[in-house]
Each structure stands twice: as structure tokens, then as C-alpha cells.
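Down below is the structure, laid out as C-alpha cells.
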Amino acid sequence: MPADFLELSGIHVFVTGASGGVGLATSRAFLEQGAKVTLHYNSSPSTLQPLLDAYPGVSCAVKATVSDEAEIKKAFEQAVHALGPVQVLVVNHGIWPSDAIPVKDMSLKHWRRTIDVNLTGAFLAIRQYMYQLVEHNVQRNVAIVMVGSTAGKFGEWYHADYSASKSAMMYGLTLSLKNEIVQFCPRGRVNTVAPGWIRTPMAESALKSKEVVERAFATSPLNKVSEPDDIACAIMFLASERAAGNITGHVVDVNAGMEGRVINPVTVLPAKL
């Protein structure tokens with residue numbers, strides 16, 4: 001599309017979890033549209049260096065543990081100092097613990113870690129973002145786009161911690177924030193993208209399982225694993241005031257048309273029909 005189609009040129013976008021998968025693709029896509037991008041990372045910035053080299057002056061990297069209040073505050077202060085007030089926040093960071101653990105066997109430590117990163121981390125980033133909106137009286141192209149999951153819509157057995165964190169973002173947070181943000185940014189919007197399976201390093205091991213793949217596509221008419229760019233395009237659409245200026249409080253599924261989770265094999269029939 002033309003570089004100015006979404007009118008994102010000059011817009012400052014803060015992307016959490018920018019160092020891999022969807023975050024990296026999203027950051028690149030915004031930069032290609034002429035936006036300024038703050039690339040947040042938690043551990044290693046090595047994957048971000050090509051973008052920082054290719055887009056000097058309109059990109060910067062900030063390090064923060066998302067569940068640490070002081071670090072998130074500092075990250076936003078660094079972003080504003082480098083590129084000006086943040087207009088768009090993309091809440092993309094998250095963990096999906098690969099161990100399959102039913103709730104009856106799940107430790108409180110395991111539960112808390114997932115909630116702290118995925119949900120509390122989202123809260124802290126959003127709170128600091130909103131604070132600086134008010135502080136700098138930001139009004140143009142104000143938008144929050146969160147990255148949820150089909151797990152938040154359909155559930156995911158043995159990963160209830162992850163599913164619960166995403167459900168809270170997709171419904172409780174999205175629907176509450178859309179009514180709060182307009183109190184100080186009348187055209188501010190809040191939406192969420194809910195991907196299904198994405199071809200990222202986090203999902204690589206799971207997608208090697210024939211059983212997982214069969215279950216994933218049993219109710220997906222497009223029969224397709226999303227690429228990171230598929231999610232990035234949906235995020236950019238929702239971030240653009242020109243393209244999605246009257247859309248708020250919605251969860252947009254990007255999941256090949258998935259209709260639910262397959263619980264029983266198709267060969268298993270109930271005793272009585």
C-alpha cells in the first residue's frame with residue numbers, strides 16, 4: 001500500500017515485546033509506513049539492531065521488565081525523550097509456558113508468573129501510556145491495540161493461566177478502557193487483535209506435533225497458520241485513525257476462521273445421539 005495510506009507518518013508507536021515474532025514484524029511495518037517506533041525488549045536487543053540501523057532517528061530501543069513498575073515508567077520516559085509523546089501503544093509482549101499443567105496441579109508460582117507478565121505487564125504499560133497522554137495533551141491518532149489470543153476466547157486446556165490472562169485483556173480491559181480513554185482523549189480508541197496459531201519461535205515446537213496441527217485446523221476453514229505479518233497488518237489497521245477511526249472496544253480475530261477447540265477425536269461418538 002502507499003506509504004501514506006494509513007496516515008501513520010510521524011506517529012509515535014510504542015511496541016512492547018518488539019524483539020521477536022509479531023513484535024518485530026509489527027515494528028518493521030510501522031516504520032515502513034513512516035511512523036516513529038519505540039521498540040521495547042526484555043532481555044536481548046540483538047534482533048532489533050537491523051531496524052535501529054535502517055531507521056535512525058525514528059526508532060529507539062528501551063529495556064524493561066514489564067511487571068516492574070519503575071522500569072516501565074523509565075522506559076516511557078526514555079521513549080518520550082527520544083521520539084516525543086507516544087500516540088499509539090501496542091501491547092504485544094507475553095509468555096506462553098510450554099509445560100502442559102492442569103489447574104489442579106498448577107503451582108501458585110507458575111500462575112503468578114504468567115499473570116504478572118501478560119496481564120499486570122499490560123496494565124502497567126497502559127497506565128503509564130495514559131499518564132503521558134494527559135501529561136503531554138496528546139490528541140491525534142490515539143490508540144491502544146492489544147494482542148490477545150484464541151485461547152482467551154475458546155480456552156486452552158492445561159494452559160488456563162495463559163487463557164485467563166488473554167481473556168482479561170480481550171474483554172475486561174478492552175471494554176473498560178474504551179470508555180475511560182475518551183474522558184481525556186475524545187477520539188482515543190482501544191481494540192484487541194486475537195491471533196490463532198502464528199509461525200513464531202514461541203509456537204515452533206508445538207507446531208511440530210501432528211496432533212496439535214490437526215486440532216488447530218479442524219475448525220479453521222482457511223487451513224492456514226498465520227505469519228507474523230498477518231497480525232502486524234491487523235494491528236496497523238486498528239492503530240490508524242484514518243482506517244479505523246470509528247472502531248473501538250472490539251476484538252478482531254485473526255485465526256483462519258477458527259470456530260472453537262476440538263476436544264474429542266472425530267472418531268469418538270457419544271453413546272446416544
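Full extension of the segment from Glu180 to Leu222, taken as 0.36 nm per residue of separation minus the current Cα-Cα distance, would add 11.5 nm.
Toward the positive end of the charge dipole of the chain, with +1 on the Cβ of Lys and Arg and -1 on the Cβ of Asp and Glu, the farthest Cα among Gly34, Leu8, Trp111 is that of Trp111. Across Asp105, Asp161, Asp116, mean-square fluctuation computed from a Gaussian network of the chain (C-alpha pairs under 10 Å connected) peaks at Asp105.
Ranked by how many other Cβ atoms sit within 10 Å of their own Cβ, fewest first, the residues Thr38, Thr65, Thr200 fall in the order Thr65, Thr200, Thr38.
The residues Trp197, Trp96, when put in order of fewest to most other Cβ atoms within 10 Å, stand as Trp96, Trp197.
Rounded to the nearest 20 debye, the dipole magnitude of the chain is 420 debye, with +1 charges on Lys and Arg beta carbons, -1 on Asp and Glu beta carbons, and the Cα centre as origin. Between Thr120 and Asp253, the simple spin-label model (points 7 angstrom out along Cα→Cβ) gives 3.3 nm.
Distance between the C-alpha centres of segment 103-135 and segment 18-42: 21 Å, rounded to the whole angstrom. Taking the simple approach of a point 7 Å from Cα along Cα-to-Cβ for both Val212 and Arg187, what is their distance in nm? If labels sit at Val212 and Arg187, their model points lie 4.3 nm apart.
Taking 0.36 nm per residue of separation and subtracting the current Cα-Cα distance, fully stretching the chain between His81 and Ser107 would add 5.3 nm.
Taking amide H positions as placed in the peptide plane 1.01 Å from N, state which residues far from Ala194 in sequence (5 or more) or on other chains have amide H under 5 Å from it. Counting only residues 5 or more places away or on other chains, the set is Gly148, Val252, Asp253, Val254.
Which pairs in the list Lys104/Lys153; Lys73/Lys153; Lys153/Lys224; Lys104/Lys166; Lys36/Lys74; Lys63/Lys178 are over 24 Å apart, alpha-carbon to alpha-carbon? Violating the 24 Å limit, Cα to Cα: Lys73/Lys153; Lys63/Lys178. Using R₀ = 30 Å, calculate the FRET efficiency as 1/(1 + (r/R₀)^6) where r is the Cβ-Cβ separation of Val134 and Glu71; round to 0.05. With R0 = 30 Å, the Cβ-Cβ based efficiency is 0.90.
Coordinate-derived values only; no laboratory data. From a predicted model like this one, the values you see are computed outputs, not experimental measurements. Cβ: placed from backbone, ideal geometry, glycine included. Neighbour counts: every protein chain shown.
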